[in-house]
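J.: Before we start, here is the structure in question, set down as structure tokens.
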Amino acid sequence: MRLAIIGAGAAGLAAARALRRLRPDLAITVYEQYDRLGGRLLTGRRGGFVFDHGAQNLRAPTPELARLLASELPAADLRDIGLPVWTFDRAGAIAEGDPAMNAEPKWAYGAGLDTLGQLLADELDVRRDARVGSLRQATDDGRPASAPGSAEQSLAADRWSLLDTRGQPLGAADLVLLTPPAPQAAEIVAASELGAGPKQTLLAELARVVYRPCVSVALAYDRPVARPFYALVNIDRAHPIAWLALEHAKGPQRCPPDHSLLMAQMGARWSAERWAAPDGELAAEAASQAGRLLGEELHAPLWSDVHRWPYALPDGGADLAALNRAAGGLFFAGDYTAGLGRVHLAIESGWRAADLIDRALPH
């Protein structure tokens, strides 16, 4: 049996690792549209600085997640940031954060959070620069499947052809797990040859997920910027900045001595209104807003780096059970099924999908 996983983010890689353990007989191939791994586990590097443009830290609220980070994966470069996250409101008033939440460790890799993607992908068959545009379902003799999604359909008899965006074949599998953000998963479903009923169900469920866009701006300085917190989070979603982090608090590898590195992740409204603005303009305004928030002159960074996230954080989730029962041999995972953009939720959704796939296969 063959499984194709679309997307090498945290959900897809976690599912592949889990199924490699549960079903060593299953041939698993992960298809990733970019050259890099990890999805929102995106780390930039520039002139001795290391900065995380997407996910900012890792949480492990369950024993299973803690065991994954601390025991199952190499942990020599993993560290608890050790400083709290404080809050601020639309007026820029700063307050100490929730004591219970700050008591939980906030993990980071000194070399960057993309380390987690690399570790999860170790020994997996990952095809990079392989963008899946659509799926076509057929039986082993090449004829179209007669009843896609029907309960009577045998998984062993089905085959999914994976096509790129030009309609050229990328591969084939008996089962497919889609892990991109909901809008990208919907694009693949809409372009695929599925029965009208399953396609309509899937598209309706995926359409329930709305994402907040985010412009993420790294700002480097040639002087220390020290505070008693690691980051600030906006609690009313009404400030231009949604999250402001002292990236250098993640460890000495993050920037040269006596330098500082800030990460400003801008709010959804600010990001949407300025999405097409030049990078320099975005960085200048982000630095100005960060300076006002911290009460410090920050208008002249050494350099800045801008990244745009159209699908940064999901608001509201899709029903994982409804998605995974709509079409025979087709499965879904991603943090959008939990309604929050968190790496640990993406991992857990991958584990749930792996369990569903394991139960669907003959034993």
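J.: How do 202-213, 165-176 rank on mean C-beta neighbours within 10 Å, highest first? Display every interim value, and only then the final one.
T.: Values: 202-213: 18.2, 165-176: 15.8.
Answer by packing, highest mean first, reads 202-213, 165-176.
J.: I've got another one for you. Which order, highest average first, do 285-298, 68-81 follow once you tally other Cβ atoms within 10 Å for each residue and take the mean per peptide? Each step should come with its number before you reach the end.
T.: Working: 285-298: 17.6, 68-81: 14.6.
Ranked by mean Cβ neighbours within 10 Å, highest first: 285-298, 68-81.
J.: Turning to a different aspect of this structure: Quick check on packing: order 195-201, 229-235 by the mean number of other C-beta atoms within 10 Å, highest mean leading.
T.: Working: 195-201: 16.0, 229-235: 20.7.
In decreasing order of mean packing, 195-201, 229-235 become 229-235, 195-201.
J.: Continuing with this model, one more query. Suppose we keep just the DSSP beta bridges with both residues in the chain; what percent of those would be antiparallel, to 5?
T.: On the way: 46 of 66 bridges.
So the antiparallel bridges amount to about 70 percent of the total.
J.: Can you bin region 216-280 into rounded, prolate or oblate? Criterion: square roots of the alpha carbon gyration tensor eigenvalues sorted a ≥ b ≥ c, rounded for a/c under 1.5, prolate for a/b above b/c, oblate for the rest.
T.: Values: a/c = 3.18, a/b = 1.62, b/c = 1.96.
Here region 216-280 falls in the oblate category.
J.: Also, I was wondering about something else. Compute the long axis of helix 182-191 from its Cα atoms, compare it with the longest principal axis of the Cα atoms of the chain, and write down the angle in degrees, 0 to 90, nearest 10.
T.: With rounding to tens, the tilt is 30 degrees.
J.: Still on this structure: Which label marks the calculated value of percent of Cα pairs over 36 Å apart, given the options (i) 16; (ii) 21; (iii) 25?
T.: Checking each listed value against the structure points to (iii).
J.: Here's something else I'd like to know. Towards the positive end of the charge dipole of region 1-118, with charges on Cβ (+1 Lys, Arg; -1 Asp, Glu), say which of Pro63, Ala15, His53 has the farthest Cα.
T.: Sorting the options by dipole projection puts first Ala15.
J.: For Arg59, what is the net charge nearby, where nearby means another residue's Cβ is under 9 Å from its Cβ and Lys, Arg count +1, Asp, Glu -1?
T.: Numbers: positive: Lys106, Arg342; negative: Glu104.
Here the charged neighbours net out to +1.
J.: Kindly express, to the nearest 10 degrees and within the range 0 to 90, the angle between helix 279-294's C-alpha long axis and the longest C-alpha principal axis of the chain.
T.: The angle comes out near 60 degrees.
J.: How tilted is helix 196-206 with respect to the longest principal axis of the chain? Cα atoms for both, answer in degrees (0 to 90, nearest 10).
T.: Between helix and principal axis, roughly 10 degrees.
Laboratory data are not the source of any read-out in this text; all were calculated from the coordinates shown. All figures in this text were calculated on a predicted structure; none of them were measured in a lab. Every residue, glycine among them, receives a Cβ derived from its backbone with ideal geometry; neighbour counts consider all protein chains shown.
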